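Worksheet: the structure to be examined is printed underneath.
The values are calculated or read from the model by the stated rules, or taken from the named source; none is laboratory data. What you are looking at is a predicted structure, and each value in this text was computed from that prediction instead of being measured. Using ideal geometry, Cβ is built from the backbone for each residue, glycine included, and neighbour counts are taken over all protein chains shown.
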Amino acid sequence: MGISRGGIHVDAPRLGRKYLYLFTAREIPGAQFETRGAGRSRGVTDRGRLDLRAFVEGLLSHQPFALPGRMANRQLEATLDRTRLTGELVLGDGRLGTQDHHLVLAGQAQGRNRVIVSAAVLSHELVLRLPELAAERACTAWQGLPVRSGPVSADLSLRVGGLGLGPRPDVTLGLGSLRLQDVHVGTD
């Protein structure tokens, strides 16, 4: 997989490059696009990177949320039916979210805030597991009142089914446990 100015793609043997997601925005928050070598080969030397924190914060800063692109085409289902995915993302310490709605993550050195990504067949089900979410505090609003908490810990899972099978995927958020300490609603 890689990320180019055109979008997110898979380079498959015998099939060539297949785009999964096409970018329609000029600027993609957190994107570092692939680079190619010099000379005749012009082969890809770096597949690029997507800083998830900058990407999510960029999406959250738009009101209403505006996606920077669209699914590539109707043949995407066939491509996703051949795509398996496993991996792990490690979220760093620091603020995740907007100024008014955010978590301040902590615990990277202790192995917390790891996101386990898996999909036996990507078009059927993508699962993200965050077994040890750890934040030193959270801030949001409820019915116009500021809400803040002290330490937060949770066991979360996110299941996205039907990618490529229809106009809207089925999204399920699972909460194995959640602990919020020192919750304050309103101003003191």
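Brief remarks follow.
- Taken over the range 92-113, the residue count meeting the criterion of being basic (K, R) and surrounded by fewer than 17 Cβ atoms within 10 Å (Cβ to Cβ) is 1.
- Residues that are part of a strand (DSSP E or B) and either β-branched (V, I, T) or touching a residue at least 40 places away in the same chain (Cβ under 8 Å) (or both), drawn from the range 177-188: L180, V185
- From the list A134, A141, the lone residue that is at pLDDT 95 or above, part of a strand (DSSP E or B) and either not assigned by TED's automatic domain parsing to the domain that holds S177 or not polar (S, T, N, Q) (or both) is A134.
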